[in-house]
Amino acid sequence: MSEETKHQSVVRRTPFPRSATWPLVSPIVPTAVFVARDADHMNSVYEGREQGFTYGREGSPNAELLAAKIASLEGAEFGLITSSGMSAVAAILLGLLNAGDHILAGNQLYGRTMRLVTQELPRLGFATDVVDATDVAAVERAIRPNTRLLLVEVVSNPLLRIPDIVALAALARSRSLLLVVDNTFPTPLTFRPLALGASIVFHSVTKMLAGHSDVTLGAICASRELTTPIREAIVTWGLNGSPFDCWLAERGMHTLELRVARGTANAAALADFLARQPAVRRVFYPGRMDHPDHAVARRLFGEQFGNMVTFELAGGRETVNRFMQALQSIPFAPTLGDVSTMISHPAVTSHRGLTAAARDALGIHEGTIRVSVGVEAFSLLEDEFRAALSEVSTSSAASTGG
Ligand SMILES: *Cc1c(COP(=O)(O)O)cnc(C)c1O
């Protein structure tokens, strides 16, 4: 081989080293395409006679592995991975509905899902209505002859309202609607909607499942029959997730059970601690007797009430700012499900699209703060919240006095 052809051959792929053993850790397979021997070989993969991958957008080993892991937790026949939680809900709607169909959705959905339902879908020729999903009679009254699908979240944001999924599943079945459930907050370790009659479950894997705020992905779990057209939508509209993100999410999920258990125990303790503080006007935690959906939560979740706590500071934006500044190492970051505790402010983040009056009507005020509780030692959390709250009470006492 001449020097020149040797240099030229660098451009070609070098064969991957063979090994009689295999890696413990899943390899990341970032390839955008797979190679077949010949046309017949590729054809037999496309026709499903041989198991294999073809092109990145049509599926990847890392996505398939992650989907199977989540589907097994949800007790689902099949799972799919998408590029985000939002593309998961988009894929479900794009795969299953036709223009003119009516979609009925909960009125306390994740902000962007609400925007999709109330602004994007009508623009595309779908009819939509939102309704209080915790009021089953109201949901039933809102069903129209062309209603195809009911979309709800198991635990709403930020007030942690919990619709009776069992009653909604019975209603959906009796009216031949698909019940689509966003199970992001509880995770399948706390709640498995398919076992109780939901048709489709989806997740923002970005949150608790991946768990480290370094991934943006979604997941969909359902029967093979329902996931087949949804998979077509993912491939056609290009909603697939990246192999590297799938790999990170798989890695994060190894500790899911530990994170859920510790976050849940910490959240229950933090809710009780906050309820005793004079600077706190109100605490929302499904595990507490004073939560409006406590009975439903107990029936659905047993003793596992999740890692999310919301509370209302006595005071407005200024008090909130002072509280955030006084928290030493708990960041104000509008996400949830991280390994470490963080707070969010719905009026400025998830619910900024609503008018103040609309937020007030939902029960979301300037003082409302949402806490995604992590796995720290509880004493660390308690000390930091106590210090920040005392800062707020001291200065508000001072300003009231002065
Ligand atoms: C974050 C979130 C979504 C959207 O997920 P992304 O991964 O951010 O697209 C949907 N539903 C709920 C409940 C969420 O918390």
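Annotation: Val181 fulfils all but one of (1) in contact with a Phe, Trp or Tyr (Cβ under 8 Å, 6 or more places away or on another chain); (2) within 13 Å of the ligand (Cβ to nearest atom); (3) touching a residue at least 40 places away in the same chain (Cβ under 8 Å); the unmet one is (3).
When Gln108 is tested against the conditions (1) within 11 Å of the ligand (Cβ to nearest atom); (2) in a loop (DSSP other than H, G, I, E, B); (3) modelled with pLDDT of 95 or more; (4) open to solvent by 30 Å² or more (accessible area, probe 1.4 Å), the lone failure is (3).
Among residues belonging to the range 126-152 that are open to solvent by less than 20 Å² (accessible area, probe 1.4 Å) and within 16 Å of Val89 (Cα to Cα), point out the one that is nearest to the chain's Cα centre (by Cα). The residue in question is Val152.
Looking at the range 211-234, can you tell me whether even one residue there is within 10 Å of the ligand (Cβ to nearest atom), under 19 Å from Thr255 (Cβ atoms), touching a Cys at 6+ places or on another chain (Cβ under 7 Å) and not in a helix (DSSP H, G or I)? Yes - at least one qualifying residue is present in the range 211-234. Would a scan of the range 138-148 turn up a residue that is of a type in the set (A, V, I, L, M) and either closer than 29 Å to Gly241 by Cα or within 15 Å of the ligand (Cβ to nearest atom) (or both)? There is no residue in the range 138-148 that is of a type in the set (A, V, I, L, M) and either closer than 29 Å to Gly241 by Cα or within 15 Å of the ligand (Cβ to nearest atom) (or both).
If we scan the range 56-66, do we find a residue that is within 16 Å of the ligand (Cβ to nearest atom) and either open to solvent by 60 Å² or more (accessible area, probe 1.4 Å) or at pLDDT below 95 (or both)? No, that holds for no residue.
Taking residues in the range 363-382 that are closer than 16 Å to Ala326 by Cα, and partners anywhere that are aromatic (Phe, Trp, Tyr) and open to solvent by less than 10 Å² (accessible area, probe 1.4 Å), the pairs with Cβ atoms closer than 7 Å and at least 6 places apart or on different chains are Ile369/Phe311; Glu382/Phe273. Spot the failing condition for Leu354; the list is (1) at negative phi; (2) in contact with a helix residue (DSSP H, G or I) (Cβ under 9 Å, 6 or more places away or on another chain); (3) touching a residue at least 24 places away in the same chain (Cβ under 8 Å), and only one is missed. Against the list (1) at negative phi; (2) in contact with a helix residue (DSSP H, G or I) (Cβ under 9 Å, 6 or more places away or on another chain); (3) touching a residue at least 24 places away in the same chain (Cβ under 8 Å), Leu354 comes up short only on (3). Going by the structure shown, is Thr14 among the β-branched types (Val, Ile, Thr) and either modelled with pLDDT under 95 or open to solvent by 30 Å² or more (accessible area, probe 1.4 Å) (or both)? Against the criterion (among the β-branched types (Val, Ile, Thr) and either modelled with pLDDT under 95 or open to solvent by 30 Å² or more (accessible area, probe 1.4 Å) (or both)), Thr14 qualifies.
Of the residues Ser350, Ser344, the single one that is at pLDDT below 95, crowded, with 18+ Cβ neighbours inside 10 Å and closer than 28 Å to Leu256 by Cβ is Ser350. Taken over the range 184-210, the criterion of being more than 13 Å from the ligand (Cβ to nearest atom) and farther than 19 Å from Leu150 by Cα is satisfied by Pro188, Leu189, Thr190. Here is the figure for the range 90-103: residues that are closer than 20 Å to Gly59 by Cβ, within 16 Å of the ligand (Cβ to nearest atom) and surrounded by 19 or more Cβ atoms within 10 Å (Cβ to Cβ) total 3.
For the residues Ala170, Ala133, the requirement of being small (Gly, Ala, Ser), within 14 Å of the ligand (Cβ to nearest atom) and farther than 30 Å from His254 by Cα singles out Ala133. Of all residues in the range 67-79, those that are touching a residue at least 12 places away in the same chain (Cβ under 8 Å) and surrounded by 14 or more Cβ atoms within 10 Å (Cβ to Cβ) have Cβ atoms under 8 Å from Cβ atoms of residues that are in a loop (DSSP other than H, G, I, E, B) and of a type in the set (S, T, N, Q), 6 or more apart or on another chain, in Glu74/Asn183; Ala76/Ser223; Glu77/Ser223; Phe78/Ser223. Of the residues making up the range 235-253, at least one is within 16 Å of the ligand (Cβ to nearest atom), open to solvent by less than 10 Å² (accessible area, probe 1.4 Å) and free of Cβ contacts under 8 Å to residues at least 60 places away in the same chain. Every residue in the range 262-311 that is open to solvent by 10 Å² or more (accessible area, probe 1.4 Å), without any contact (Cβ under 8 Å) to a residue 60 or more places away in the chain and assigned to a helix (DSSP H, G or I), please. The answer is Ala268, Asp272, Ala275, His294, Ala295, Arg298. Selection over the range 1-27 of residues that are under 39 Å from the mean Cα position of the chain (by Cα) and of a type in the set (Ser, Thr, Tyr) gives a count of 3. Of the residues in the range 319-329, not one is open to solvent by 20 Å² or more (accessible area, probe 1.4 Å) and under 21 Å from Ser204 (Cα atoms).
The values are calculated or read from the model by the stated rules, or taken from the named source; none is laboratory data. All of these numbers come straight from a predicted model, not from anything done at the bench. Counting neighbours? That spans all protein chains shown, and the Cβs are built from the backbone with ideal geometry, glycine included. The protein model used for the area step is the full one, side chains on, heavy atoms only, and it has no ligands, DNA or RNA in it. Shrake-Rupley method; radii C 1.70, N 1.55, O 1.52, S 1.80 Å.
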